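Peer 1: The structure under discussion is supplied below as structure tokens; questions concerning it will follow.
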Amino acid sequence: MSARWTFLALGLSFRTAPVSLRERLAFRASELPRSVTQLREQCRCREAAILSTCNRVEFYVVGAAEDAQLSQKVRAFMAAHRGVPLEQFEGALYEHRDGPAVQHLFEVTASLDSQVLGETEILSQTREAFRAASEAGAVGRCLQTIFERAFGMAKELRSAGGVGQGRASISSAAVELVERVFDDLPKHPALVLGTGEMSAGIVKSLQSAGVTEFLVASRSAERSEAFARETGSRCGPLERLQDHLRVADIVLVSTAAPHYILTLEHLNRALDARHGRPLFIVDISVPRNVDPAAHDLSGVFLYDIDDLDAVAREGREQREEAASRWRPRLAEEARRVLNELQDEAPDQAARRLIEQASALRLAELDELRRSGTLDAQAIDRLEHALAHFQARLLHGPLSALKEAAREGDGNAAAEWVERLFRLPTPQDESGPRELGRE
Amino acid sequence: MSPRFFVGLAMAAYALGALVSFVSVGRQKRPSIALQLALAATGVLAQTIGLSIHCAISETHYFTSSMEILWLLAWSVGVNYVVILSAWRIAGLGALVLPLNVVILAASLLAQYPGAAPLSGVDRHPLYAPHVLMAFLGYGFFLTACAIGILYLRAEWLLKHKVFGAVLRGMPSLERLDRTAARCIWAGFAFFTLALLQGGYLAHVFQVSSWFLHPKMLAAEITWLVFLVSMVGRLTGHVIGRLAAQTVLVGAVLVGLTIVLGHPLQPDANGADPPEVQERARP
């Protein structure tokens with residue numbers, strides 16, 4: 001593509017680099033504005049942003065098209081700034097230019113390139129990267145337009161695209177199943193048996209979904225208390241399990257016990273006291289801690305880790321299907337945004353051509369006035385004639401630019417006009433400009 | 001335009017709604033629900049206009065012919081469906097209720113048009129029309145509760161058999177289905193009780209002997225009892241969930257029986273009033 005500026009996306013992600021490498025190259029949020037400033041200075045680029053999350057480190061840079069070294073400069077910056085030799089991570093780097101680069105940013109922001117497809121965190125992380133770049137004065141019209149469109153597309157995709165639909169993780173799958181049984185989650189207390197890390201994840205997901213009351217019971221009072229503190233739950237003695245089962249509607253079991261903690265006898269007794277209220281049990285222990293036959297009891301819904309995984313797999317497949325529907329749309333939108341941005345090149349070239357011709361004309365007239373060889377009347381006539389001459393002279397190139405823009409070849413025409421008339425490029429005018437806002 | 005035109009229009013709207021509902025089963029998306037709602041509301045509106053024209057232009061017995069009964073039943077079910085869908089967004093309900101309405105209306109079009117006949121003894125009484133309306137609103141709520149009960153049993157079966165795909169594609173939660181069915185039963189019970197009281201009063205006025213032992217009245221009384229048991233059972237916590245859904249299904253069968261059986265004050269096949277009514281109508 002013939003362009004006077006280029007948009008470069010360069011980085012590495014969980015797809016290309018292990019966490020051990022990603023963590024060495026990652027940027028802390030607090031250092032982003034300063035790093036972006038340094039990147040612009042060292043790479044002499046017009047605009048820049050750095051996106052650094054636990055899954056990716058990416059540089060989005062707008063530079064001069066003729067700068068063949070742009071990519072190398074960014075790579076060198078990355079190595080120097082993080083103190084990691086380039087050869088250690090060069091193989092993990094990927095690079096996109098112009099349309100594909102814009103599309104990549106759209107996909108990243110819309111969470112189509114995330115480890116968990118459709119997760120929501122990446123959108124706020126991209127917003128944070130954009131905010132840091134703005135703070136550093138490194139956002140110009142290009143990045144502004146591209147990022148804002150990326151946010152818009154991500155929002156549209158989330159609301160209509162189905163990429164956020166379905167549950168893709170084990171803990172969210174548990175929530176999904178709970179929601180198929182109970183409607184008004186704040187009214188349903190949960191009992192947590194066992195204090196594993198996975199339990200904490202599911203408890204947090206249930207809390208996000210609206211469950212407010214949690215009772216933690218474990219053989220170790222210490223662990224129970226620590227877990228309760230971490231998750232904002234209450235502790236209860238495991239000895240009163242039967243009482244807890246009478247009250248709780250949701251039971252999460254995750255202990256290291258090698259036998260059933262909840263037997264059919266426990267559950268039958270509990271059901272008698274529950275007057276038909278359904279009991280939802282998630283048993284993520286391996287070996288299982290709840291008698292699987294409990295699922296056959298009327299009013300009991302028991303799911304183990306395999307069931308949750310099946311739900312999550314279904315959710316992932318649903319999201320992947322939605323993502324594949326959206327990718328072509330994002331690619332098309334990326335092309336459109338880029339064309340919109342690049343279509344301004346002919347206008348800018350025309351403006352600079354007129355400005356340069358006018359400046360030369362006025363300079364000659366000033367010199368004549370200072371020399372005193374012509375009277376004022378003659379200078380007026382000459383001024384009029386030169387203006388007329390300039391208009392007739394530029395009519396050809398300006399019309400050609402307009403025609404080229406109409407035919408979709410505006411960038412190439414702008415480039416030729418700039419070469420023919422030796423017009424200064426924006427970089428010549430201001431070097432690495434202060435591009436807080438154009 | 002004749003009432004039949006509007007009934008045909010309603011049938012088309014319900015059929016389209018049913019189609020949308022079938023296509024979008026399991027996809028709890030707003031546009032599909034809104035479309036189902038709009039189509040069902042169109043059907044109800046067309047039916048309301050058709051029924052109004054029918055009542056205005058004919059001096060026939062109010063709602064005693066098969067055709068009229070089926071029209072009113074479909075109207076009542078349609079009204080309930082619109083209310084429930086707009087209030088609680090029970091996705092999938094349209095796939096049961098709207099085809100049912102299409103079948104009812106199709107059957108009504110096959111039935112003989114009652115034609116114009118002067119009001120006879122019973123339907124001249126001012127309490128007769130409210131009695132019929134209350135009874136049919138009750139039937140409508142009970143039948144809608146039955147449809148929700150079927151959805152409940154299906155959702156529970158899917159959860160029990162771990163058929164996650166269908167479960168996850170937008171079935172309402174068991175709790176929501178159970179609660180909505182309970183609301184329908186409460187509303188239906190209130191209308192049906194009023195209808196029974198009015199019917200009893202009419203029987204008393206026309207001095208019908210042993211009216212409460214008439215097959216239709218027996219079926220109605222048992223229906224009333226079944227729903228009473230269901231409600232009391234809910235209040236005490238003994239009839240909820242699957243048992244409640246099964247109870248509603250039994251109630252719905254009785255509702256069907258009640259509708260099908262002839263009314264003790266209904267004119268005979270030749271259009272003649274029963275002896276009690278003739279006696280009372282004599283000057």
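The values are calculated or read from the model by the stated rules, or taken from the named source; none is laboratory data. For clarity, every value in this text was computed on a predicted model and none was experimentally measured. As a convention, Cβ positions derive from the backbone with ideal geometry for all residues, glycine included, and neighbour counts pool all protein chains shown.
Peer 1: Anything in region A:244-270 that is out of contact with any Ser or Thr (no Cβ under 8 Å at 6 or more places or on another chain) and at pLDDT below 90? List them, or say none. Don't jump to the end; show me each part of the working.
Peer 2: We begin by selecting, within region A:244-270, every residue out of contact with any Ser or Thr (no Cβ under 8 Å at 6 or more places or on another chain); these are A:244-251, A:258-260, A:262-270.
Selection gives A:Pro258, A:His259.
Peer 1: Further question on the same structure: Could we say that A:Leu271 is free of Cβ contacts under 8 Å to residues at least 40 places away in the same chain, within 14 Å of chain B (Cβ to nearest Cβ) and within 18 Å of B:Lys160 (Cα to Cα) here?
Peer 2: Details: free of Cβ contacts under 8 Å to residues at least 40 places away in the same chain: yes; within 14 Å of chain B (Cβ to nearest Cβ): yes; within 18 Å of B:Lys160 (Cα to Cα): yes.
Judged against the criteria, A:Leu271 is a match.
Peer 1: Does B:Thr180 meet the test of being hydroxyl-bearing (Ser, Thr, Tyr), within 14 Å of chain A (Cβ to nearest Cβ) and without any contact (Cβ under 8 Å) to a residue 12 or more places away in the chain? Explain how you work it out, then say what you get.
Peer 2: Details: hydroxyl-bearing (Ser, Thr, Tyr): yes; within 14 Å of chain A (Cβ to nearest Cβ): yes; without any contact (Cβ under 8 Å) to a residue 12 or more places away in the chain: no.
Spelling it out, it is not the case that B:Thr180 is hydroxyl-bearing (Ser, Thr, Tyr), within 14 Å of chain A (Cβ to nearest Cβ) and without any contact (Cβ under 8 Å) to a residue 12 or more places away in the chain.
Peer 1: Continuing with the same structure: (1) modelled with pLDDT of 80 or more; (2) not assigned by TED's automatic domain parsing to the domain that holds B:Ala12; (3) not β-branched (Val, Ile, Thr): which one isn't true of B:Asp123, the others all being true?
Peer 2: Unmet for B:Asp123, out of (1) modelled with pLDDT of 80 or more; (2) not assigned by TED's automatic domain parsing to the domain that holds B:Ala12; (3) not β-branched (Val, Ile, Thr): (1).
So that you can scan it fast, the table gives a plain yes or no per residue for (1) among the β-branched types (Val, Ile, Thr); (2) out of contact with any strand residue (DSSP E or B) (no Cβ under 6 Å at 6 or more places or on another chain); (3) farther than 13 Å from A:Tyr60 by Cβ:
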site	(1), (2), (3)
A:Gly83	no, yes, yes
A:Glu87	no, yes, yes
A:Glu90	no, yes, yes
A:Leu93	no, no, yes
A:His96	no, no, no
A:Ala101	no, no, no
A:His104	no, no, no
A:Leu112	no, yes, yes
A:Thr120	yes, yes, yes
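Peer 1: Looking at this structure, is A:Ser172 surrounded by 20 or more Cβ atoms within 10 Å (Cβ to Cβ), farther than 15 Å from A:Phe106 by Cα, within 14 Å of chain B (Cβ to nearest Cβ) and small (Gly, Ala, Ser)?
Peer 2: Details: surrounded by 20 or more Cβ atoms within 10 Å (Cβ to Cβ): yes; farther than 15 Å from A:Phe106 by Cα: yes; within 14 Å of chain B (Cβ to nearest Cβ): yes; small (Gly, Ala, Ser): yes.
Answer is yes for this residue.
Peer 1: Given the structure, is A:Ser13 among the hydroxyl-bearing types (Ser, Thr, Tyr), closer than 20 Å to A:Leu86 by Cβ and touching a His at 6+ places or on another chain (Cβ under 9 Å)? Full working, then the answer.
Peer 2: Details: among the hydroxyl-bearing types (Ser, Thr, Tyr): yes; closer than 20 Å to A:Leu86 by Cβ: yes; touching a His at 6+ places or on another chain (Cβ under 9 Å): no.
It is false that A:Ser13 is among the hydroxyl-bearing types (Ser, Thr, Tyr), closer than 20 Å to A:Leu86 by Cβ and touching a His at 6+ places or on another chain (Cβ under 9 Å).
Peer 1: Is it fair to say A:Ala334 is touching a strand residue (DSSP E or B) at 6+ places or on another chain (Cβ under 9 Å) and more than 14 Å from chain B (Cβ to nearest Cβ)?
Peer 2: Numbers: touching a strand residue (DSSP E or B) at 6+ places or on another chain (Cβ under 9 Å): no; more than 14 Å from chain B (Cβ to nearest Cβ): yes.
The answer is no for A:Ala334.
Peer 1: Restricting to region A:277-308, name every residue that is within 41 Å of the chain's Cα centre (by Cα), farther than 23 Å from A:Leu185 by Cα and within 12 Å of another protein chain (Cβ to nearest Cβ).
Peer 2: Matches in region A:277-308: A:Asp306 only.
Peer 1: A:Lys155 fails exactly one of the following numbered conditions: (1) under 23 Å from A:Leu51 (Cβ atoms); (2) within 14 Å of chain B (Cβ to nearest Cβ). What is the number of that condition?
Peer 2: Of everything listed in (1) under 23 Å from A:Leu51 (Cβ atoms); (2) within 14 Å of chain B (Cβ to nearest Cβ), A:Lys155 misses just condition (2).
Peer 1: Residue by residue through region A:46-67, note down the ones that are outside any strand (DSSP E or B) and under 17 Å from A:Leu93 (Cβ atoms).
Peer 2: Listed by number, the residues that qualify are A:Thr53, A:Asn55.
Peer 1: Can you tell me how many residues in region A:70-127 are of a type in the set (Asp, Glu) and assigned to a helix (DSSP H, G or I)? Quick ask: steps written out before the conclusion?
Peer 2: So the first thing to find is which residues in region A:70-127 are of a type in the set (Asp, Glu), and the list is A:87, A:90, A:95, A:98, A:107, A:113, A:119, A:121.
From the residues that got through so far, the ones that are assigned to a helix (DSSP H, G or I) too are A:87, A:90, A:98, A:107, A:121.
Counting residues in region A:70-127 that are of a type in the set (Asp, Glu) and assigned to a helix (DSSP H, G or I) gives 5.
Peer 1: Let me ask something else about it. Can you name the condition, by its number, that A:Glu148 falls short on among (1) assigned to a helix (DSSP H, G or I); (2) more than 14 Å from chain B (Cβ to nearest Cβ); (3) buried (at least 19 other Cβ atoms within 10 Å of the Cβ)?
Peer 2: Here A:Glu148 clears every test but (3).
Peer 1: Here's something else I'd like to know. Residue under question is A:Ala248, and the condition is that it be surrounded by 18 or more Cβ atoms within 10 Å (Cβ to Cβ), away from every other protein chain (no Cβ under 14 Å) and within 38 Å of the chain's Cα centre (by Cα); does it hold?
Peer 2: On the way: surrounded by 18 or more Cβ atoms within 10 Å (Cβ to Cβ): yes; away from every other protein chain (no Cβ under 14 Å): yes; within 38 Å of the chain's Cα centre (by Cα): no.
Spelling it out, it is not the case that A:Ala248 is surrounded by 18 or more Cβ atoms within 10 Å (Cβ to Cβ), away from every other protein chain (no Cβ under 14 Å) and within 38 Å of the chain's Cα centre (by Cα).
Residues checked against (1) within 30 Å of A:Glu107 (Cα to Cα); (2) in contact with a Gly (Cβ under 8 Å, 6 or more places away or on another chain); (3) surrounded by 15 or more Cβ atoms within 10 Å (Cβ to Cβ):
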residue	(1), (2), (3)
A:Asp296	no, no, no
A:Leu302	no, no, yes
A:Arg319	yes, yes, yes
A:Leu330	yes, no, yes
A:Glu333	yes, no, yes
A:Asp343	yes, yes, no
A:Gln348	no, no, yes
A:Ala363	no, no, no
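Peer 1: A follow-up question, please. For region A:304-317, name all the residues that are touching a Phe, Trp or Tyr at 6+ places or on another chain (Cβ under 8 Å) and either crowded, with 19+ Cβ neighbours inside 10 Å or not small (Gly, Ala, Ser) (or both). Working first, answer last.
Peer 2: Pass one, region A:304-317, residues touching a Phe, Trp or Tyr at 6+ places or on another chain (Cβ under 8 Å): A:307, A:310-311, A:314.
Residues satisfying the conditions are A:Asp307, A:Val311, A:Glu314.
Peer 1: A follow-up question, please. Could you tell me which of the residues B:Ala107, B:Ala95 is outside the structural domain of B:Arg124 (by TED's automatic domain parsing) and either surrounded by fewer than 17 Cβ atoms within 10 Å (Cβ to Cβ) or modelled with pLDDT under 85 (or both)? Quick ask: steps written out before the conclusion?
Peer 2: Numbers: B:Ala95 fails: either surrounded by fewer than 17 Cβ atoms within 10 Å (Cβ to Cβ) or modelled with pLDDT under 85 (or both).
Among B:Ala107, B:Ala95, only B:Ala107 is outside the structural domain of B:Arg124 (by TED's automatic domain parsing) and either surrounded by fewer than 17 Cβ atoms within 10 Å (Cβ to Cβ) or modelled with pLDDT under 85 (or both).
Peer 1: Are any of the residues in region B:130-151 surrounded by 17 or more Cβ atoms within 10 Å (Cβ to Cβ), part of a helix (DSSP H, G or I), within 14 Å of chain A (Cβ to nearest Cβ) and at pLDDT 80 or above? So that I can check it myself, show each step before the final result.
Peer 2: Of the residues in region B:130-151, the ones surrounded by 17 or more Cβ atoms within 10 Å (Cβ to Cβ) are B:131-151.
Filter once more, so that each one left must be part of a helix (DSSP H, G or I): B:131-151.
Of the ones still in play, those that are also within 14 Å of chain A (Cβ to nearest Cβ) are B:148, B:151.
Within this subset, residues satisfying the condition of being at pLDDT 80 or above are B:148, B:151.
Scanning region B:130-151 turns up at least one residue that is surrounded by 17 or more Cβ atoms within 10 Å (Cβ to Cβ), part of a helix (DSSP H, G or I), within 14 Å of chain A (Cβ to nearest Cβ) and at pLDDT 80 or above.
Peer 1: Determine if region A:81-91 includes at least one residue that is of a type in the set (A, V, I, L, M) and crowded, with 16+ Cβ neighbours inside 10 Å. Spell out the reasoning first.
Peer 2: First pass over region A:81-91, keeping only residues of a type in the set (A, V, I, L, M): A:84, A:86.
Retained after the next criterion (residues that are crowded, with 16+ Cβ neighbours inside 10 Å): none.
No, every residue in region A:81-91 fails to be of a type in the set (A, V, I, L, M) and crowded, with 16+ Cβ neighbours inside 10 Å.
Peer 1: Kindly indicate whether any position in region A:210-221 is more than 24 Å from the chain's Cα centre (by Cα), within 14 Å of chain B (Cβ to nearest Cβ) and either at pLDDT below 90 or under 30 Å from B:Glu175 (Cβ atoms) (or both). Break it down stepwise before answering.
Peer 2: Residues of region A:210-221 that are more than 24 Å from the chain's Cα centre (by Cα), as a first pass: A:210-221.
Within this subset, residues satisfying the condition of being within 14 Å of chain B (Cβ to nearest Cβ) are A:210-211.
Going one step further and asking which of them are either at pLDDT below 90 or under 30 Å from B:Glu175 (Cβ atoms) (or both), we end up with A:210-211.
Yes, region A:210-221 has at least one match.
Peer 1: From the set of residues in region B:152-168 that are surrounded by fewer than 20 Cβ atoms within 10 Å (Cβ to Cβ) and more than 9 Å from every other protein chain (Cβ to nearest Cβ), which is modelled with the lowest pLDDT? Working first, answer last.
Peer 2: Taking region B:152-168 first, the residues surrounded by fewer than 20 Cβ atoms within 10 Å (Cβ to Cβ) are B:153-154, B:157-158, B:160-163, B:165-166.
Filter again for more than 9 Å from every other protein chain (Cβ to nearest Cβ), leaving B:153-154, B:157, B:161, B:163, B:166.
Numbers: B:Leu153: 92, B:Arg154: 89, B:Trp157: 92, B:His161: 91, B:Val163: 87, B:Ala166: 62.
Filtering first and then ranking leaves B:Ala166.
Peer 1: Collect the residues in region B:201-249 that are within 14 Å of chain A (Cβ to nearest Cβ) and assigned to a loop (DSSP other than H, G, I, E, B), keeping them in residue-number order.
Peer 2: The answer is B:Gly237, B:His238, B:Val239, B:Ile240, B:Gly241.
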